[in-house]
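**Student:** Dumping the structure here so I can ask a few things about it.
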Amino acid sequence: MSDLITTALVDLDLSAADKDAATRRLAELVHAEGRCTDLDVFLADVQAREQQMPTGLEGGIGIPHARSKSVTEPTVAFGRAPAGIDFGASDGPAHLIFLIAAPDGGGDAHLQVLAALARRLVHASFKEALMNANDASDVVDLFKREVVVK
Amino acid sequence: MKIVAVTSCPTGIAHTYMAAEALEEAGRAGGHEIDVETQGAAGAATLADEVIGAADVVILAADVEVRNRERFAGKPTVTVSVKRAINDAVGVVAEAVRLAAAGPSDRPEVIRTEPAAKLPAGAGTGTQVRGWLMTGVSYLIPFVAAGGILIALSFMIGGYEIVGVKADIPGFLDSFSVFSGHDWAGLMFILGDGIFGTFLLPVLAGFIAYAIADRPGLAPGFVAGWAAGVIGAGFLGAIVGGLTGGLIALAIARIKVPSAVRGVMPVVVIPLFASLINGFLMLVVVGKPIATVTDGLNNWLSSLAGGSLILLGIILGLMMAFDMGGPVNKVAYAFAVTGLAEAATSASSTQLQVMATVMAAGMVPPLALALATVVRPGLFSRAERENGKAAWLLGASFITEGAIPFAAGDPLRVIPSIMAGSALTGGLVMAFGNELRAPHGGVWVFGLVTDWPLYVVAVAAGTALAAALVILLKAGTRSKDEAVLEAQEDAQLFATA
């Protein structure tokens, strides 16, 4: 299984009018990296999840996500938005946006890595390190170090 | 303090685990022992019974229903949204500690069964009922698919006369040969027919009741489904019985009882009394009117047979699609098959036209819904889309039951649409004058239909009309709550698969 994230899946200067545009931008990275076969299907699945309840969380993070049959392997695309993008959290816009893409069906073993990622997201130190990352390879290294399946 | 928690969210890949981590951190920081069961997509480490038994307090952080919730019966319980657990885990843990310190729960909470956390706030009664129906349907689909495909395969391999093996199953099994294609087809038919006859209605009703009242609803629901079969009430009867079974179980669960009895309520008391009451309702109260209606329809059809054949075709079409295997459908089908027996000894072709009409009209509902799931997949839940794939084969094989999952999940939109489609097909077959001597078989007996190309046109026209109507009704009148509901149902279904 390849890595959860690559440097091509990182955008440290994400600017978008709204969360839909931000999500699309990140989804395009996933698509360009060949981990998603159909951009529109994937976006529709993410949209459906987002409509149930916005995925913005306190502390400036947004985690649009979906299990989709268009996704070929567990992947996260990461965007840092200095200006902030509203993801519906009660305490303000999101600066760290994680688009989590999970393949549909199949066993659960390959989703362990996404569970491990989700667990890291609640730690302030992880978020802080992402805020301070200098470039995409910093981010990828951080994920490699911190997101460990136990 | 010993804390156990369950986290669960619609998609099961993010919030479930974030909430688990946040609660674990907050619990440990507060000096508590905490174990969290993540009911997500990456597998759940199930809480051991000893751990639950030793726990002082339970935290349920969930946006979808917590599975096996009755394990926590009687424990002080804090129920919060999964988001709140992530955003304010420390506050949630503090609340749990306060609750535990206040002493054992004195609420009569055996199970908190309202799926309140499952639905968006303000969802109407209609949406709630649809949620219950969809849960029933999601458990029904595997049975429809397995049974229907087995029957279809048996026709493909053994021809429609394979149904004869049912007459003497022990004899058939005695002489079963693994090298005989016919015997395999017979076995498939017996299995498929057994699944349809034994399980469809009980599973549908049982799991509708389960959606309402959790496990205590299972017995009264299954009983109602079986009773619907006994009184010939079909899947609509099973839906009604499932709803009443669940609501009765829920009502009994709300009765305040002494704490000594509380423990046996979900396992013994509720299933016992709810089954008795619901069984009485189905067999005695509902049974009689159904029998009366069946007789009335029978007489009415016979009286129509002398009049306009096209009108008769339209009415047979409406009847075939109305309840798919229920009393109305059965009257129409029995009318055709009885006529077939008479036709064998007479020269009249009306009976053969009736048989052709009934088969064509019965093929339309599954085909139409299969078509609709392909044309507008977004209007259907994922479970329905999967069922749509099997529905092609079931419709082609004249297994009308293939449409039941769609109709049971959304009866008010689906049933009128397929009735219109089947009515068109029925009228056209009569107009074209097609005749059929086989009582079953779908496309596998099309060779026996006179003027079969026109027959195909009739089936296709009804299929197209019904699919178009389903799409129009769903697209035009589906509320956002319903879409959310379907997404959540899917998330749960496929996360646990």
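**Student:** Out of residues 5 or more away from B:Ile59 or on other chains, whose amide H comes under 5 Å of its own, with H placed 1.01 Å from N in the peptide plane?
**Tutor:** Placed amide hydrogens put B:Val4, B:Ala5, B:Val6, B:Val78 under 5 Å from B:Ile59.
**Student:** Let me ask you something else. Hydropathy at least 1.0 by Kyte-Doolittle, axial extent at least 30 angstrom from the Cα trace: which helices of chain B, defined as entire DSSP H runs, fit?
**Tutor:** B:125-158, B:181-213, B:350-375, B:411-432, B:452-477
**Student:** In deg cm²/dmol and to the nearest 500, what is the mean residue ellipticity at 222 nm of chain A if only DSSP H runs of at least 4 residues count, each as -39500 (n - 2.57), divided by the residue total?
**Tutor:** Details: 5 runs with 58 residues, N = 150.
Mean residue ellipticity, 222 nm, calculated: -12000 deg cm²/dmol.
**Student:** Residue by residue through the stretch A:36-51, which ³J(HN,Hα) values in whole Hz follow from phi under the Karplus form 6.51 cos²θ - 1.76 cosθ + 1.60 (θ = phi - 60°), with glycine and proline marked x?
**Tutor:** 9, 7, 9, 4, 5, 4, 4, 4, 5, 5, 5, 4, 4, 5, 5, 5
**Student:** Related question: Local charge sum around A:Ser137 (other residues, Cβ-Cβ under 13 Å, Lys/Arg +1, Asp/Glu -1)? Numbers along the way, then the final one.
**Tutor:** Values: positive: A:Lys144, A:Arg145; negative: A:Asp3, A:Asp135, A:Asp138, A:Asp141.
Here the count lands on -2.
**Student:** Another question about this same structure. Students often forget the sequence filter, so: which aspartates and glutamates lie under 12 Å Cα-Cα from A:Lys144 once same-chain residues fewer than 8 apart are removed?
**Tutor:** A:Asp3
**Student:** Can you tally the net charge around B:Gly339? Count Lys and Arg as +1, Asp and Glu as -1, for every other residue whose Cβ sits under 12 Å from the Cβ of B:Gly339.
**Tutor:** Net local charge, B:Gly339 excluded: -1.
**Student:** I'd like to know which of B:Ile13, B:Ala94, B:Gln39 lies farthest towards the positive end of the charge dipole of the stretch B:2-107, counting +1 on Cβ of Lys and Arg and -1 on Cβ of Asp and Glu.
**Tutor:** Value: B:Ala94.
**Student:** Could you please report the charge total around B:Gly148, scoring K, R as +1 and D, E as -1 over all other residues with beta-carbon less than 14 angstrom from its beta-carbon?
**Tutor:** -2
**Student:** Averaged over peptide A:50-56, how many Cβ atoms belonging to another chain are found within 10 Å of each residue's Cβ?
**Tutor:** Values: counts 0, 5, 13, 9, 1, 4, 1.
For peptide A:50-56, the averaged partner shielding equals 5.
**Student:** Something else: Excluding residues on the same chain fewer than 8 positions from A:Lys69, give the aspartates and glutamates whose Cα lies under 12 Å from its Cα.
**Tutor:** Here the aspartates and glutamates satisfying the reach criterion relative to A:Lys69 are A:Asp38, A:Asp40, A:Asp45, A:Asp104.
**Student:** A further question follows. Do the sum for chain B: with -39,500 (n - 2.57) for every DSSP H run of n ≥ 4, divided by all residues, what is the mean residue ellipticity at 222 nm, to the nearest 500 deg cm²/dmol? Can you show the working numbers first?
**Tutor:** Details: 20 runs with 323 residues, N = 497.
Helix contribution divided over all residues of chain B: -21500 deg cm²/dmol.
**Student:** Can you work out the Karplus-derived ³J(HN,Hα) for every residue in the stretch A:123-129? Use 6.51 cos²θ - 1.76 cosθ + 1.60 with θ = phi - 60°, whole Hz, and x for glycine or proline.
**Tutor:** Values, residue by residue: 8, 4, 5, 5, 5, 5, 4 Hz.
**Student:** Taking each residue of A:116-128 in turn, how many C-beta atoms of other protein chains fall within 10 Å of its C-beta, and what is the average? Can you show the working numbers first?
**Tutor:** Working: counts 3, 4, 14, 11, 3, 7, 14, 4, 0, 0, 0, 0, 0.
Mean shielding count: 5.
**Student:** Taking a ≥ b ≥ c as the square roots of the eigenvalues of the Cα gyration tensor of chain B, is the shape rounded (a/c under 1.5), prolate (a/b larger than b/c) or oblate? All intermediate terms of the calculation are to be shown ahead of the outcome.
**Tutor:** Working: a/c = 2.36, a/b = 2.16, b/c = 1.09.
Here chain B falls in the prolate category.
**Student:** How much of the pair distance distribution for the stretch A:7-146 lies past 20 Å, counting alpha-carbon pairs only, in percent?
**Tutor:** Within the stretch A:7-146, distances greater than 20 Å cover 41 percent of Cα pairs.
**Student:** Relative to the Cα centre, what is the charge dipole magnitude of chain B, using +1 at the beta carbon of each Lys and Arg, -1 at the beta carbon of each Asp and Glu, and rounding to the nearest 20 debye? Let's see the in-between values first.
**Tutor:** Values: 29 positive and 37 negative charges, 178 e Å.
About 860 debye.
**Student:** For A:57-67, what's the mean count of beta carbons from other chains sitting within 10 Å of each residue's beta carbon? Working shown, then result.
**Tutor:** Values: counts 6, 5, 2, 0, 2, 0, 5, 1, 5, 5, 9.
That average works out to 4.
**Student:** Amide H neighbours of A:Ser68 under 5 Å, at least 5 residues apart or on other chains, H built in the peptide plane: list them.
**Tutor:** Excluding prolines and chain starts, which carry no amide H, the hits are A:Ala102, A:Asp104.
**Student:** Under 24 Å between C-alpha atoms is the cut-off here; go through chain B and count lysine pairs that meet it, provided they're at least eight residues apart or on different chains.
**Tutor:** Step by step, the pairs that qualify in chain B add up to 12.
**Student:** Moving on to the next point. Who wins for biggest fluctuation among A:Asp20, A:Asp11, A:Asp91 in a Gaussian network model of chain A, springs between alpha carbons below 10 Å?
**Tutor:** Among A:Asp20, A:Asp11, A:Asp91, the largest mean-square fluctuation in the Gaussian network model of chain A belongs to A:Asp91.
**Student:** Expressed as a whole percent, how much of the Cα-Cα distance distribution for the protein assembly as shown exceeds 47 Å? Can you show the working numbers first?
**Tutor:** Details: 54543 of 208981 pairs.
Tail fraction, whole percent: 26.
Values in this text are rule-based calculations from the coordinates and carry no lab data. Please read these numbers as outputs of a predicted model, since none were measured by experiment. We place every Cβ from the backbone using ideal geometry, glycine too, and count neighbours over all the protein chains shown.
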